[in-house]
Amino acid sequence: MEIKSNVNGEETVMELSGWLDTQTAPEFKEAIDGIDNTTSSLVLDLKDLEYISSAGLRQLVAAHKKMKGNLTICNVSKEILDILRMAGFDKRLNIK
């Protein structure tokens, strides 16, 4: 997985590509843990994310908690959106 991060004032945008699974979830956790305290909102751009496992879903929940709900997920493929819906994340997370 590749993570590109861009800080725009109080907003951080992370573009994820590849797979977010058991192997790569720790890398994503590190990136989330590294977000500066001045960041008030996080946008996860998933346009190039090909797959997400339950380990990846757990990290989305962790990111949501860290950001106190100020998390937006955008550019989600149909396949990833189907997984998020099956897990009920579409009711808890802001998905655009």
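Read the figures in this text as sums done on the coordinates, not as results from a lab. Remember, predicted model here, so these are calculated numbers, not experimental data. Don't worry about glycine lacking a Cβ; one is built from the backbone with ideal geometry, like all the others, and counts go over all protein chains shown.
Given +1 on the Cβ of Lys and Arg, -1 on the Cβ of Asp and Glu, and no further charges, what dipole in debye does the chain carry about its Cα centre, rounded to the nearest 20?
500 debye
Work from the charge dipole of the chain (Cβ charges, +1 for Lys and Arg, -1 for Asp and Glu, about the Cα centre) and give the residue of Ile32, Ser54, Asn75 farthest towards its positive end.
Checking the options against the dipole of the chain, the answer is Ser54.
Below 23 Å, Cα to Cα, which lysines can Lys66 reach? Residues fewer than 8 away in the same chain don't count.
Lys66 reaches Lys4, Lys29, Lys47, Lys91, Lys96.
With the cut-off at 1.5 for a/c, could you classify segment 1-48 from its C-alpha gyration tensor as rounded, prolate or oblate?
Verdict is oblate for segment 1-48.
If you average the C-alpha positions of segment 22-54 and of segment 78-96 separately, how far apart do those two centres end up, in angstrom?
Their Cα centres are 16 Å away from one another.
Report the residue, chosen from Lys47, Lys29, Lys65, that carries the largest GNM mean-square fluctuation when the chain is represented by alpha-carbon nodes joined by springs under 10 Å.
Comparing Lys47, Lys29, Lys65 in the GNM, the peak value goes to Lys65.
Under a crude label model (7 Å from the Cα following the beta-carbon direction), how far is Arg92 from Asn70 in nanometres?
2.1 nm
Looking at the chain, send over the antiparallel percent of its DSSP beta bridges, to the nearest 5.
Bridges in the chain are about 30 percent antiparallel.
Can you work out ³J(HN,Hα) from phi for every residue in segment 3-10, in order, using Karplus 6.51 cos²θ - 1.76 cosθ + 1.60 and θ = phi - 60°, giving whole Hz and x for Gly and Pro?
Once rounded to whole Hz, the list reads 10, 10, 10, 9, 9, 10, x, 8.
On a 0 to 90 degree scale, rounded to 10, what angle separates helix 54-66 from the longest Cα axis of the chain?
30 degrees
With n ≥ 4 as the cut-off for DSSP H runs, can you work out [θ] at 222 nm for the chain, using -39500 (n - 2.57) per run divided by the number of residues, rounded to the nearest 500?
That calculation yields -10000 deg cm²/dmol at 222 nm.
Under 15 Å from the Cβ of Leu46, count the other residues' Cβ atoms, weight Lys and Arg +1, Asp and Glu -1, and hand me the total. Intermediate results must be reported in sequence, preceding the final value.
Values: positive: Lys4, Lys47, Lys78, Arg85, Lys96; negative: Glu2, Glu15, Asp21, Asp45, Asp48, Glu50, Glu79, Asp82, Asp90.
With Lys, Arg at +1 and Asp, Glu at -1, the net is -4.
At 4 °C and 1.567 mPa s, grab the translational diffusion coefficient of the chain from Stokes-Einstein with a Kirkwood Rh over Cα pairs, rounded to a whole number in µm² per second.
99 µm²/s
Quick one: among Asp36, Asp21, Asp48, which has the greatest mean-square fluctuation in a GNM of the chain with alpha-carbon springs under 10 angstrom?
Asp36
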